[in-house]
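Quick notes on the structure that follows.
Quick note: the coordinates plus some simple rules give every number you see, no bench work behind them. These numbers were taken from a predicted model, which means no experiment stands behind them. All Cβ positions, even for glycine, are placed from backbone atoms using ideal geometry, and neighbour counts span all protein chains on display.
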Amino acid sequence: MTSLFALVISADSPPEAKDVVAGWTALWIFVGLAVAVALLCWSLVRQLKKAERAKAAGVYGDPVKGERGDGDAPNDQP
């Protein structure tokens, strides 16, 4: 415990506010993450459009819009 206390006391003081800068590395990491998010959003939109077209074509077993399959007709019998 005393060695931890001695380590804390012997530590250097924090740098001045004017000496702390984000730097170019942080900027490139931020830009890279922004590009990654943009690509993920673009891909999501494409996949959602593709799924909507497949649903409209009846790929998922749903009836095609405007057509009625077996069992979809209203019950006209008393």
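Short version: ³J(HN,Hα) in whole Hz for each residue of the stretch 46-53, in order, from phi by Karplus 6.51 cos²θ - 1.76 cosθ + 1.60 (θ = phi - 60°), x for Gly and Pro, what are they?
Running phi through 6.51 cos²θ - 1.76 cosθ + 1.60 with θ = phi - 60° gives 4, 5, 5, 5, 5, 5, 5, 5 Hz.
Which distance in nm do the two modelled labels at K49 and V21 give, with both placed 7 Å along the Cα-to-Cβ direction?
4.3 nm
Which value results when the Cα radius of gyration for the stretch 21-60 is divided by 2.2 N^0.38 Å? Please list the in-between numbers first.
Details: Rg = 17.2 Å, N = 40, 2.2 N^0.38 = 8.9 Å.
Rounded to two decimals, the normalised Rg is 1.92.
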